[in-house]
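*Asks:* Quick one: the structure is below, questions incoming.
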Protein chains: 2
Amino acid sequence: MNKIPYKIYLEESEMPRKWYNLRADMKNKPAPLLNPATMQPMTKADLAPVFCNDLIDQELDETTPFFDIPEEILDFYKMYRPSPVVRAYFLEKALGTPAKIYYKFEGNNTSGSHKLNSAIAQAYYAKKQGLKGVTTETGAGQWGTALSMACAFFGLDCRVYMVKVSYEQKPFRREVMRTYGASITPSPSDTTKVGRKILEEFPGTTGSLGCAISEAVESAVSSEGYRYVLGSVLSQVLLHQSVIGLEAKAALDKYQIAPDIIIGCAGGGSNLGGLIAPFMGEKLRGEKDYRFIAVEPASCPSLTRGKYAYDFCDTGMVCPLAKMYTLGSSFMPSANHAGGLRYHGMSSVLSQLYADGLMEAVSVEQTSVFAAAQLFARTEGTLPAPESSHAIRAAIDEALKCKETGEEKTILFGLTGTGYFDMTAYQKFNDGEMSDVIPSDEDIAKSLAKLPKVD
Amino acid sequence: MNKIPYKIYLEESEMPRKWYNLRADMKNKPAPLLNPATMQPMTKADLAPVFCNDLIDQELDETTPFFDIPEEILDFYKMYRPSPVVRAYFLEKALGTPAKIYYKFEGNNTSGSHKLNSAIAQAYYAKKQGLKGVTTETGAGQWGTALSMACAFFGLDCRVYMVKVSYEQKPFRREVMRTYGASITPSPSDTTKVGRKILEEFPGTTGSLGCAISEAVESAVSSEGYRYVLGSVLSQVLLHQSVIGLEAKAALDKYQIAPDIIIGCAGGGSNLGGLIAPFMGEKLRGEKDYRFIAVEPASCPSLTRGKYAYDFCDTGMVCPLAKMYTLGSSFMPSANHAGGLRYHGMSSVLSQLYADGLMEAVSVEQTSVFAAAQLFARTEGTLPAPESSHAIRAAIDEALKCKETGEEKTILFGLTGTGYFDMTAYQKFNDGEMSDVIPSDEDIAKSLAKLPKVD
């Protein structure tokens, strides 16, 4: 067989035309979202003031295996997709491993990550419904940037509530969003009731994702012609992100490559859920077997140290409750530099798969993550996002195990994005000033004690 | 015929394996570099203390049409190349033009630009010669980043003299370079004689490219096992950058697309010279005809308002003299945000082509450039570099002319890079605080009066 090329691109004609709904193949379905007022499963009518209609259908549908990707979204995908599956020849060489390492690279677009895959879908359905605009929150900024791009494309107004500390520390992210026409509000703000309440209770707070979510939801439901959109956690998002896994599988299949291990970083689960979807489908249907590894930061270890329980998705408790591995909605992760992995909970779909023993999880410390990022940058060229570097760390660790055992395993990991807006974190690492702060059992127990009681 | 895909990628096997030396097809060869001490053409021996041996051969060779690209460089190219030729369907639609717009996108690598194409070549030859390291200067930071990546890859030491104002205003660029292991010195510095002299003469100066070049050259010639490398202007750089045009031509040929107009931004000329090379070769050989347009900033208009004469390449006057369109080496451009286009002179190759009437040149004002950048970002997704946006501006202007005349011209332009490290400039534009400062005839005459006298 010919040498595998450095990068495998699909032809435009080979790109997926349907999203894959992993839930259709799950025997144990993820637990339903609950209405915080009634503690009953959320209905379409309950969700209608918050989400776009078509997206609610996708959110609630646990049986339809495939959804057609609308032509307008396919056209947009063609601008920045397919993303390549890259063979990490030079990383393998640097490690001296017999393992074969591949990564699916989602960072070659201006949002800098895979988030654009769902942003354009959500913006499309908002436009289709005749809405004026959408609201959302952003922490690290990838999602807000992606949504700004998507809204600019469809001519929708875009209101982003940006966690205040990020708003101040990442002015460049803010300017990218403004260039695409979005309006950015540092959260908590005095533009919403929940924001004012939080500011009163915690003056001087620098905000959190959970708090920004509450503000964005309030802003949507109190404005005519607006809905709220979210970049992770939700099942609809995992559905859209299945394009990552479908492309990856098609690319690997072209060269008869079957991965043994599939690795992804996990914050809310959007990337990992999308990457593994078609492979996990095969495993669920008993057609093939793979090892799946979710990698999370030691500072925010929802799968490895959290509890599988119903919890609030936001600080203001205005959102539905989800059953998930959670550290408690009041958990405050330490100042880890992977902003996209600082969410207290994990996608219900992934949580159920983990509970069923279909997926493994590991946690890694950020200094070792940045060491992996640096090695990757110097050998493979691309400077990775801190979030993505969690997956790099785990992939390197698995490849080094192969070096010990001599096994020629094939590893696929998701390189979700680039770190061009995360240079403050790299500077800390370059200056030797980065440390690891891991929550104590007591800290986690404290926030878990505040979990809502659900019968 | 099938619809042209959004992105045309070459297969790995279709990638160019040779660089094309445009000078071989030029009847009027570019004027030789002169030794500043003797005012005689630079010999190989003159250049040996400054440049790597193989690169000197490439610099002086005006007759060999093709140079094999070494395997090690081809392998590195495969990590981030081929770069796509993209059909700007959505930009065309937004403009309502019958013109067909294509762009060759060189920004999908961590250096953020085409500079990596020559950086990896220059690092390779330095390594091959057994050197310890290389020195260079950087202004906007693209070149320094590219060279840092290339040196990390080959295990070479990399010393970058960064124009002080950029060092201070672009700390993130600096950190990217440090992540790749480069050492960065703000210029002028007290680490070189020429730096100390400039600091004494102009205390408080924020530096210039010409001054950083002088420091980098001194640092190389006074250190055992070091040579100096440069990211633009030189003929060797244009040779390496021919990979842009060769790939673009191969991709267009696959779909029988022949551009009528080829447009590139022009600072020192590395991108434009590379993009047009094979097309200009056809024109020089009388095989085909194309219009070529160099786009420069109105604030630094070397082709459109400069003089074709021998001039110094650096402020310290330690470098060889080159015959080029120049504004004078003492010309200080206003604070234009396209840092990569602020050089006082233009590549000798391009200067000769322009003098021979084979290429056109236009200058554009930065507010209109950023308006074009914003439109491009919102329609085509990618947030372009300020430098590249000069080419976007000119391409849009040509497409709008087609709208008036109804002509279905095919336009190809070079999108050299992304603007992720240029958000300060975008912020100025977003806030409506950007203005255009155009040098007066008097200013230009003043610096031209200081041109060296060459018989």
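The values are calculated or read from the model by the stated rules, or taken from the named source; none is laboratory data. In this text, all values refer to a predicted model and were calculated from it rather than measured experimentally. Neighbour counts run over all protein chains shown; Cβ positions are idealised from the backbone, glycine included.
*Asks:* For B:N117, indicate whether it is assigned to a loop (DSSP other than H, G, I, E, B) and not acidic (D, E).
*Replies:* When the stated conditions are applied, B:N117 does not pass them.
*Asks:* Okay, moving on. Looking only at residues that are charged (D, E, K, R) and surrounded by 24 or more Cβ atoms within 10 Å (Cβ to Cβ) in the stretch B:94-110, which one is farthest from the other protein chains (Cβ to nearest Cβ)?
*Replies:* B:K104
*Asks:* Of all residues being aliphatic (A, V, I, L, M) and in contact with a strand residue (DSSP E or B) (Cβ under 8 Å, 6 or more places away or on another chain) in the stretch B:127-142, which is nearest to the other protein chains (Cβ to nearest Cβ)? Just the residue, please.
*Replies:* The selected residue is B:V134.
*Asks:* Scan the stretch B:149-182 for residues that are closer than 15 Å to A:Q427 by Cβ and either outside the structural domain of B:G130 (by TED's automatic domain parsing) or among the hydroxyl-bearing types (S, T, Y) (or both) and report the count.
*Replies:* Number satisfying all stated conditions: 3.
*Asks:* Any chance you could count how many residues in the stretch B:1-37 are more than 22 Å from the chain's Cα centre (by Cα) and either within 14 Å of another protein chain (Cβ to nearest Cβ) or modelled with pLDDT under 95 (or both)?
*Replies:* Counting residues in the stretch B:1-37 that are more than 22 Å from the chain's Cα centre (by Cα) and either within 14 Å of another protein chain (Cβ to nearest Cβ) or modelled with pLDDT under 95 (or both) gives 17.
*Asks:* Within the stretch A:1-13, how many residues are surrounded by fewer than 13 Cβ atoms within 10 Å (Cβ to Cβ) and either touching a residue at least 60 places away in the same chain (Cβ under 8 Å) or assigned to a loop (DSSP other than H, G, I, E, B) (or both)?
*Replies:* Residues that pass the stated criteria total 4.
*Asks:* Consider B:I411 carefully, then state whether it is assigned to a helix (DSSP H, G or I) and more than 14 Å from chain A (Cβ to nearest Cβ). Before you say what the answer is, go through the steps one by one.
*Replies:* Values: assigned to a helix (DSSP H, G or I): no; more than 14 Å from chain A (Cβ to nearest Cβ): yes.
When the stated conditions are applied, B:I411 does not pass them.
*Asks:* Right, here's the next one. Please count how many residues of the stretch A:381-403 are buried (at least 24 other Cβ atoms within 10 Å of the Cβ) and among the charged types (D, E, K, R).
*Replies:* Of the residues in the stretch A:381-403, 2 are buried (at least 24 other Cβ atoms within 10 Å of the Cβ) and among the charged types (D, E, K, R).
*Asks:* Can you name the strands (runs of 3 or more DSSP E) wholly within the stretch A:128-230 that have at least 2 residues being among the β-branched types (V, I, T) and buried (at least 24 other Cβ atoms within 10 Å of the Cβ)?
*Replies:* Strands (runs of 3 or more DSSP E) meeting the threshold: A:133-138, A:157-163.
*Asks:* Something else: Could you say which residue among B:G406, B:G357 is surrounded by fewer than 24 Cβ atoms within 10 Å (Cβ to Cβ), among the small types (G, A, S), out of contact with any Phe, Trp or Tyr (no Cβ under 9 Å at 6 or more places or on another chain) and without any contact (Cβ under 8 Å) to a residue 24 or more places away in the chain?
*Replies:* The conditions single out B:G357.
*Asks:* Given the residues B:G328, B:G357, B:G339, B:G316, which is the only one that is farther than 26 Å from B:T206 by Cβ and of a type outside the set (A, V, I, L, M)?
*Replies:* On inspection, the qualifying residue turns out to be B:G357.
*Asks:* While we're here: Does any residue of the stretch A:424-443 turn out to be small (G, A, S), touching a residue at least 60 places away in the same chain (Cβ under 8 Å) and either touching a helix residue (DSSP H, G or I) at 6+ places or on another chain (Cβ under 9 Å) or surrounded by 24 or more Cβ atoms within 10 Å (Cβ to Cβ) (or both)?
*Replies:* Scanning the stretch A:424-443, I find at least one residue that is small (G, A, S), touching a residue at least 60 places away in the same chain (Cβ under 8 Å) and either touching a helix residue (DSSP H, G or I) at 6+ places or on another chain (Cβ under 9 Å) or surrounded by 24 or more Cβ atoms within 10 Å (Cβ to Cβ) (or both), so the answer is yes.
*Asks:* Something else about it: How many residues, within the stretch A:168-196, are under 24 Å from A:N108 (Cα atoms), without any contact (Cβ under 8 Å) to a residue 40 or more places away in the chain and of a type outside the set (S, T, N, Q)?
*Replies:* Matching residues across the stretch A:168-196 total 8.
*Asks:* Next question, about the same structure. Any residue in the stretch A:377-390 that's within 7 Å of chain B (Cβ to nearest Cβ): show its pairings with residues that are assigned to a helix (DSSP H, G or I) and of a type in the set (G, A, S) at Cβ separation under 7 Å, as long as the two are six or more apart or on different chains.
*Replies:* Taking only residues 6 or more apart or on different chains, the pairs are A:R378/B:A152; A:L383/A:A377.
Let's see how each residue does on (1) within 12 Å of another protein chain (Cβ to nearest Cβ); (2) more than 30 Å from A:Y103 (Cβ to Cβ); (3) β-branched (V, I, T):
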site	(1), (2), (3)
A:L116	yes, no, no
A:I120	yes, no, yes
A:G144	no, no, no
A:C158	yes, yes, no
A:M162	no, no, no
A:E168	no, yes, no
A:D190	no, yes, no
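*Asks:* Residues B:A294, B:A251, B:A298, B:A309: which one is over 25 Å from B:V362 (Cβ atoms) and either of a type in the set (S, T, N, Q) or in contact (Cβ under 8 Å) with a residue 12 or more places away in the chain (or both)?
*Replies:* One residue alone meets the criteria, B:A251.
*Asks:* Criterion first (among the acidic types (D, E) and within 14 Å of another protein chain (Cβ to nearest Cβ)) does B:D431 satisfy it?
*Replies:* yes
*Asks:* Let me ask another. Failed condition for A:L55, given (1) within 14 Å of another protein chain (Cβ to nearest Cβ); (2) crowded, with 18+ Cβ neighbours inside 10 Å, with all others met?
*Replies:* (1)
*Asks:* If B:G345 satisfies all but one of (1) surrounded by fewer than 24 Cβ atoms within 10 Å (Cβ to Cβ); (2) modelled with pLDDT under 95, what's the number of the condition it fails?
*Replies:* (1)
Per-residue answers, yes or no, for (1) farther than 23 Å from B:H337 by Cβ; (2) more than 12 Å from chain A (Cβ to nearest Cβ); (3) assigned to a helix (DSSP H, G or I); (4) modelled with pLDDT under 95:
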position	(1), (2), (3), (4)
B:I392	no, yes, yes, no
B:A395	no, yes, yes, no
B:A425	no, no, yes, yes
B:K446	yes, yes, yes, no
